[in-house]
Amino acid sequence: MDFSKMLKQAQEMQQKMMEAKDGLKNVIAEGVSGGGAIKVQMNGHFEVIKIDISDEILKEEKGVLEDLIVAATNNAKKEVEGKTQEEMSKLTGGFKMPPGFKFPM
């Protein structure tokens, strides 16, 4: 086994993973709750970039609104995780990363 070849491949994979991590900021996912009344957009770095709240839902109680925002945010997070997994699967040639694997940000 050629150790230097393995080391070079590992370095190349690390470089590709860093490039992919940087590209994740361009991934946009949307979480929805309340039948579309609340929409949360999140990028691939799990940063909330936009929240859209329909005028109709503003008539609800504060607690209901808070719960719907939490639900939409959690849905967006799941979407980001799915899209991240897809991107990493492309990078690793279909090899799936373990559940819960996250890139260091």
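Nothing in this text is a laboratory measurement; each read-out follows from the coordinates by a stated rule. Just so you know, these numbers come straight off a predicted model, no measurement behind them. All Cβ positions, glycine included, derive from the backbone under ideal geometry; neighbour counts span all protein chains shown.
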Open item on the list: Only four residue types carry charge here, +1 at the Cβ of Lys and Arg and -1 at the Cβ of Asp and Glu. Report the dipole size of segment 28-95 about the Cα centre in Debye, rounded to the nearest 20.
Closed with: 220 debye
Open item on the list: Using a 10 Å cut-off around each Cβ, can you sort Glu79, Glu12 from fewest to most neighbouring Cβ atoms?
Closed with: Glu12, Glu79
Task: segment 18-33 - phi-based ³J(HN,Hα) in whole Hz, Karplus 6.51/-1.76/1.60, Gly and Pro as x - done: 5, 5, 5, 4, 4, x, 5, 5, 8, 6, 10, 10, 10, x, 10, 8
